[in-house]
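This report refers to the structure that appears directly beneath it.
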């Protein structure tokens, strides 16, 4: 049972705001992601939870207990570092046993627990080796084993997969998620990789310039971004800027947007934040666009487009197309091919488009 | 074929020059130290023995020189380590402007002629009444030893990634336990090398000891100097004494290369 709460947290380095979090609650047993570009404050936030960085103000609560001034060694948290930080002078066994020995547990208890963690991570055949004799993937497993063997109140991950190659990274994602669900340890996962955060986490906070822009489940973050930054950071995103001309369907949240160059677009919008006359950016992603025929060109949301560039990537063809003055990204299966300069008709899905207020 | 032979010959000549250059003074030193009977017209001594060593031990002056040299060196080593271990940790872990300035100053000290430092210290010691004081020689020897020791220890600490300290903290280690269980096992080679630097510096130190210690305190190098230069020329006791300065250095060098796999030149671990 562990709930992590950050209250009123502020950390500055000189004049730069590294973390500014009025309130964040990480629920019990949840795999929570901190996602953002580098310098967005996600690692600072994680370090504040770990006790490695002291916030200028605010409180960190672990199950309601204020641990802001508790040193890291007394918090009983598990942490996996980006470099994995294995002790080079100790064997895998002694690396995993490091925290247990500090707690002065009896020898047979130490053996039992190291064995348990090593078997869970499938590294029980490596216990006598030294870190420099291990591959990156194996080192990463040792780092995780060393963190979970203490039965920590929570697990903290600081980009633990960024030093692995792409193939391995994808495989380890699922293993980490499975492990966390099995152990039911509240976990915080820092990454700049959207796919990684989506694959692993139950909920994600998107961070930018030290602030949390949005918190939500991956589907929510993708399909209902609240700010332009979130929309742009997640997926392949292009915008069409315009103004809301009228509200078409209040119950479905559909509005008509007129773009700067006069295109009429029906889009979904959060009507609590968007009203008639409001300036908006309409989020357009490749999967919001489908192919249409010339005969349907008078239907709403169907536009003439010009193919600027086509890139064959194997399972799909990636296009850069122009609708009015707007450059959009579009994909087709490789069975359909258009050349650059070709004229096509596309339909934008009004239920997927999102009109985000810009001012 | 012909070319290859020529190349090999040149290689042999160059290597020989270096070897002779290094080994000749050593050879002559040993010759003088162990020669009991040696006629001027002969190239090599007639009889070898330990005559000069026992001769050296019979004299009160040289016996005291042994005592001073072999007690000062370990004291200087301990005092230098006591200062340089925490200083090296600070210099290695906080790379701010002050620590870089400190490092530059210390390195500059390495290039400074010792006589210059001596001339600076002499009036100071005179005013404080410390000339000829055994204990006052410890800080004087440390001045020259610190740059080498500090460099070696700083390098050792710099090779320990900061992550390891933080990982240990999160795993439950207090600051003191981090030093014992993380830093010590990873830096002891560099620290040991630093200690050896200080030890051998003190053993070799001549100028400051002469200026600030003599005539009350005479260490081995001064005693040697007196045999060959100061008052009368007796190279044989001087050579015998020199062996005692040489011995620890050779021992340490062998120990390091063989068992610690640390190059003294690099000083790191």
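The numbers here are math on the coordinates, done by the rules we state, and not lab data. It should be emphasised that the depicted structure is a prediction, and the values quoted were computed from it without experimental measurement. Glycine gets a Cβ as well: all are built from the backbone with ideal geometry, and neighbour counts include every protein chain shown.
Counting only C-alpha contacts under 8 Å and six or more residues apart, can you give the relative contact order of region A:264-347 as a whole percent?
Computed over region A:264-347, the figure is 34 percent.
Average the reciprocal distances over every distinct pair of alpha-carbons in region B:47-174, invert the result, and give the Kirkwood radius in Å. Spell out each step's value before the answer.
Values: mean 1/r = 0.0556 Å⁻¹.
The answer is 18.0 Å.
For chain A, what is the mean residue ellipticity at 222 nm derived from helices alone (per DSSP H run of n ≥ 4: -39500 (n - 2.57); sum divided by total residues; nearest 500 deg cm²/dmol)? Write out the running numbers ahead of the final one.
Numbers: 8 runs with 84 residues, N = 359.
Helix contribution divided over all residues of chain A: -7000 deg cm²/dmol.
Which one of A:74, A:279, A:27 has the biggest mean-square fluctuation once chain A is modelled by GNM with Cα springs under 10 Å?
A:74
I'd like the orientation of helix B:235-255 relative to chain B: the angle between its Cα long axis and the longest Cα principal axis, in ° from 0 to 90, rounded to 10.
30 degrees
Can you put A:119, B:205, A:65, B:166 in order of Cβ neighbours within 10 angstrom, beginning with the fewest?
A:65, A:119, B:166, B:205
Let me know the Rg and Dmax you get for region A:214-303 when you use only its Cα atoms, in Å.
For region A:214-303, the Cα-based Rg and Dmax read 13.6, 42 Å.
Given the C-alpha centroids of region B:20-35 and region A:249-275, what is the distance between them in whole angstrom?
Each part reduced to its Cα centre gives a spacing of 97 Å.
Ignoring everything except DSSP H segments at least 4 long, calculate the 222 nm mean residue ellipticity for chain B; use -39,500 (n - 2.57) per segment, divide by total residues, nearest 500.
That calculation yields -24000 deg cm²/dmol at 222 nm.
Using Cβ counts within 10 Å as a stand-in for footprinting exposure, how do A:192, B:141, A:89 rank, fewest first? Intermediate results must be reported in sequence, preceding the final value.
On the way: A:192 19, B:141 27, A:89 16.
Taking fewest neighbouring Cβ atoms as first place, the list is A:89, A:192, B:141.
Which whole-number percentage describes the relative contact order of chain A, with Cα contacts under 8 Å and a sequence gap of 6 or more? Each step should come with its number before you reach the end.
Numbers: 781 pairs, mean separation 56.6, N = 359.
It comes to 16 percent, rounded to a whole number.
What spacing in nm lies between the two simple spin-label points modelled at residue B:246 and residue B:64, each 7 Å away from Cα in the Cβ direction?
Distance between the two pseudo-spin positions: 2.7 nm.
Antiparallel versus total DSSP beta bridges in chain A: what percent is that, nearest 5?
75 percent
What whole-number distance in Å separates the alpha-carbon centres of region B:46-108 and region A:129-175?
The distance from the Cα centre of region B:46-108 to that of region A:129-175 comes to 46 Å.
On the Cα set of chain A, report Rg and Dmax in Å, please.
Considering chain A through its Cα atoms, Rg and Dmax are 24.6, 79 Å.
Could you bin all the Cα-Cα distances of chain B into 5 Å bins starting at 0 and give me the percent of pairs in each, rounded to whole numbers?
All Cα pairs considered, the percentages come to 1, 5, 10, 12, 13, 13, 12, 10, 8, 6, 4, 3, 1, 0, 0, 0.
In whole Å, what three semi-axes, largest first, describe the equivalent ellipsoid of the protein assembly as shown built from its Cα gyration tensor (square root of 5 times each eigenvalue)?
73, 29, 25
Relative contact order for chain B: what is it in percent, counting Cα pairs under 8 Å that are at least 6 residues apart?
27 percent
Where does each of B:66, B:34 land when they are ranked from fewest to most other beta-carbon atoms within 10 angstrom?
Neighbour counts put them in this order, fewest first: B:66, B:34.
Please report how far the C-alpha centroid of region A:281-326 lies from that of region A:206-226, rounded to the nearest whole angstrom.
26 Å
If you scale each eigenvalue of the Cα gyration tensor by 5 and take the root, what three semi-axes come out for region B:163-255, rounded to whole angstrom and sorted largest first?
45, 15, 7
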